[in-house]
Amino acid sequence: MYYNVTDYYDPVGAKQIPSKCPGCGTSNCLELLFYQKRIETSFSKKVTTKVSGILFCDNTQSEIAPVLWNDEIEQYYVLEKSKLNLQPKKLSFNKWLYCLIILPLILIAITIGYNIYEEESYINETKAIEQVHVGEKVMVLYTTTDSSNVTDNGTTWFLVKKIEADSIWVQRHEVFDTEGDVHFDLAASKFTRETLKASLTQFKTRGLFGHDYPSQKFSGYITTLQK
């Protein structure tokens, strides 16, 4: 039996702030956007208390990485986050589930157990990413940009080539999947595209970003690590 687990991030607030943009240097162009995490499966909907936020520059139409935030922006973030009117935390099941007579308790246990398994898997994989080694491979939701405009986005793999100080060098796979139906051959010989120098600190938090965030031509989110 197949169980589909999908994470949603529902908008719960937005706030324009007068701080100077760390990227372009312009004032009154920053907006804090807040999202509340919701997890849906074939059988249930779980509203969590986890809130994430991003800082968006209306001038450059781009996101500003948290590593570039100054103390003033951090204070605005904490203050506005505390004011949010969040959906209450709850776990609910689809109505048809209650119509089952023979296996309702088993299905509920499977759903809850699967959610716990997914969370534990995520935590364990994050720990593995924090201890990344040369030769390991990571799947990345990858975006390339040109003058703050997205030129391409999709899924690909990177091979870790070198780790030194606060930098990590990764080489891209020859295949770049924009449709979601490509099989990747992860042999080392298939990693033939460009090699990127990225921030090791950001990498350990599942981010693929360069050290000079405002002028970088790429960004990515690490979803999977393979040793």
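As a summary of the residue check, Trp157 satisfies the conditions (1) farther than 21 Å from Lys127 by Cα; (2) surrounded by 17 or more Cβ atoms within 10 Å (Cβ to Cβ) except for the one numbered (1).
Restricting attention to the stretch 127-160 and to residues that are among the β-branched types (Val, Ile, Thr) and modelled with pLDDT of 90 or more, the residue that is nearest to Gln171 (Cα to Cα) turns out to be Val160.
Tell me, which residue of the stretch 206-227 that is in contact with a Gly (Cβ under 6 Å, 6 or more places away or on another chain) and within 17 Å of Thr195 (Cα to Cα) is surrounded by the most Cβ atoms within 10 Å (Cβ to Cβ)?
Leu208
Is there a residue in the stretch 44-54 that is touching a strand residue (DSSP E or B) at 6+ places or on another chain (Cβ under 9 Å), surrounded by 15 or more Cβ atoms within 10 Å (Cβ to Cβ), free of Cβ contacts under 8 Å to residues at least 40 places away in the same chain and not in a strand (DSSP E or B)? Looking through the stretch 44-54, none of the residues is touching a strand residue (DSSP E or B) at 6+ places or on another chain (Cβ under 9 Å), surrounded by 15 or more Cβ atoms within 10 Å (Cβ to Cβ), free of Cβ contacts under 8 Å to residues at least 40 places away in the same chain and not in a strand (DSSP E or B). For the stretch 139-154, residues that are surrounded by fewer than 20 Cβ atoms within 10 Å (Cβ to Cβ) and over 23 Å from Asn59 (Cα atoms) total 2. Taken residue by residue, the stretch 95-110 has no member that is touching a Ser or Thr at 6+ places or on another chain (Cβ under 6 Å) and not in a helix (DSSP H, G or I).
Of the numbered criteria (1) free of Cβ contacts under 8 Å to residues at least 60 places away in the same chain; (2) under 30 Å from Asp166 (Cβ atoms); (3) out of contact with any strand residue (DSSP E or B) (no Cβ under 7 Å at 6 or more places or on another chain), the one Asp7 fails is (3).
With respect to the conditions (1) under 17 Å from the mean Cα position of the chain (by Cα); (2) at pLDDT 90 or above, Glu118 falls short on a single one, namely (2). Residues that are among the charged types (D, E, K, R) and in the same structural domain as Trp69 (by TED's automatic domain parsing) number at least 3 in none of the strands (runs of 3 or more DSSP E) confined to the stretch 129-227.
Taken over the stretch 25-45, the criterion of being of a type outside the set (S, T, N, Q) and at pLDDT below 90 is satisfied by Gly25, Glu40, Phe43, Lys45.
Quick check: anything in the stretch 178-185 at pLDDT 90 or above, under 13 Å from Met139 (Cβ atoms) and crowded, with 18+ Cβ neighbours inside 10 Å? Give the derivation first.
Of the stretch 178-185, the ones at pLDDT 90 or above are 184-185.
Checking which are under 13 Å from Met139 (Cβ atoms) leaves us with 184.
Those left that are additionally crowded, with 18+ Cβ neighbours inside 10 Å: none.
The answer is no, given that none of the residues of the stretch 178-185 is at pLDDT 90 or above, under 13 Å from Met139 (Cβ atoms) and crowded, with 18+ Cβ neighbours inside 10 Å.
All of (1) without any contact (Cβ under 8 Å) to a residue 40 or more places away in the chain; (2) not assigned by TED's automatic domain parsing to the domain that holds Phe43 hold for Gly113 with one exception: (2).
The values are calculated or read from the model by the stated rules, or taken from the named source; none is laboratory data. Bear in mind the structure is a predicted one, so any value in this text is a computation, not a measurement. Here Cβ is always computed from backbone atoms with ideal geometry, including for glycine, and neighbour counts include all displayed protein chains.
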